[in-house]
Amino acid sequence: MDSTDVAACWEANAETWTRHARAGYDLYRDALNTPAFLAELPPVAGLDGLDIGCGEGSNTRALAGRGARMTAVDIAPTFIRHARETEAAAPLGITYLEGDGTALPFADGGFDFATAFMSLMDMPRQDKALMEAARVLRPGGFLQFSILHPCFAPPYRKVLREADGSIRAIEVGRYFDGVDGEIETFRFGAAPAAVKAAVEPFRVPRFHRTLSEWVAMIVAAGLAIEHMAEPHVDAQTARAMPYLADTRVAPLFLHIRARKAA
């Protein structure tokens, strides 16, 4: 599977994904993953930033709200259309472009930082994507990205529950499988049953790499890891939102910040 195939998958997902995400059905993103990512982010006010794989622009807008001058790219035209429409209605100075994260349409050294919220894992050549991110960074700039945790969300993952419904463990498998474009189908679990039944499931291509492979690719891109995090909810949040309680047993996401040499 190449970038053209990946683009076709995401273009097919984009309309429903935008509508459901904006309705609040992506609870893992809104209640855990994005807030944790932003809490870890260094100050970006006044900096030139690039959001790689921006989707409909929700996280890009959050970065602009922190004072960054943002440019964003996504491979799916429908995502870019929705992002541009939102920008036109409530301008934040964001430039949205169609673009492939493995072949960014920018000159060398144009950005102070780059972000990739849950997008690098869906690209067929993460090594090229990381090299491209490093290329467009200025000396001393950083890339911060989030992915499904390679160790605890490999191609096979199952939540094991006790008889009372409480979570006992997370069962994982196929960690060492070289997965290149295997299609996963799912819907946002927090969506009401009637809403889920009314749409086709998302079809997302998966390109799984082990943790050591991710580290090796980051190093090969000339970046130095300076921060890693495994976000999870606290006990109070797990009681209030049981949907997220699995993240107290094992992390679903991994956050990494890596910096280009000054």
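The values are calculated or read from the model by the stated rules, or taken from the named source; none is laboratory data. Just so we're clear, the structure is a prediction, and the values are computed from it rather than from any experiment. We place every Cβ from the backbone using ideal geometry, glycine too, and count neighbours over all the protein chains shown.
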Give the residue, chosen from V136, V179, that is β-branched (V, I, T), on the phi < 0 side of the Ramachandran plot and free of Cβ contacts under 8 Å to residues at least 40 places away in the same chain. V179
When you go through (1) surrounded by fewer than 13 Cβ atoms within 10 Å (Cβ to Cβ); (2) touching a residue at least 40 places away in the same chain (Cβ under 8 Å); (3) of a type outside the set (A, V, I, L, M); (4) within 21 Å of L120 (Cα to Cα) one by one for H255, which number turns out not to apply? (1)
Out of all the residues in segment 62-111, which are among the acidic types (D, E) and in contact with a Phe, Trp or Tyr (Cβ under 8 Å, 6 or more places away or on another chain)? D74, E87
Can you tell me which residue within segment 94-110, out of those that are among the hydroxyl-bearing types (S, T, Y) and part of a strand (DSSP E or B), is surrounded by the most Cβ atoms within 10 Å (Cβ to Cβ)? Y96
When the residues of segment 113-150 are filtered to those that are of a type outside the set (A, V, I, L, M, F, W, C), in contact with a helix residue (DSSP H, G or I) (Cβ under 6 Å, 6 or more places away or on another chain) and assigned to a helix (DSSP H, G or I), which remaining residue is farthest from E56 (Cα to Cα)? D127
Per-region count, segment 193-223, residues over 27 Å from S3 (Cα atoms) and without any contact (Cβ under 8 Å) to a residue 40 or more places away in the chain: 5
Sole miss for F113 among (1) aromatic (F, W, Y); (2) crowded, with 20+ Cβ neighbours inside 10 Å; (3) under 20 Å from I183 (Cα atoms) is condition (3)
Is it the case, given these coordinates, that P91 is at pLDDT below 95 and either surrounded by 13 or more Cβ atoms within 10 Å (Cβ to Cβ) or at negative phi (or both)? no
Applying the selection to segment 244-261, what residues are of a type outside the set (V, I, T) and not in a strand (DSSP E or B)? L244, A245, D246, R248, A250, P251, L252, A261
Just to confirm my filter: which helices (runs of 4 or more DSSP H) fall fully inside segment 1-87 and include at least 3 residues that are surrounded by 18 or more Cβ atoms within 10 Å (Cβ to Cβ) and small (G, A, S)? 58-65
Out of all the residues in segment 209-262, which are hydroxyl-bearing (S, T, Y) and closer than 27 Å to P42 by Cβ? S212, T237, T247
Scanning segment 198-243 residue by residue, those over 30 Å from G24 (Cα atoms), in a loop (DSSP other than H, G, I, E, B) and among the hydrophobic types (A, V, I, L, M, F, W, C) turn out to be A221
Count of residues meeting criterion [under 22 Å from M131 (Cα atoms) and touching a helix residue (DSSP H, G or I) at 6+ places or on another chain (Cβ under 7 Å)] in segment 204-228: 11
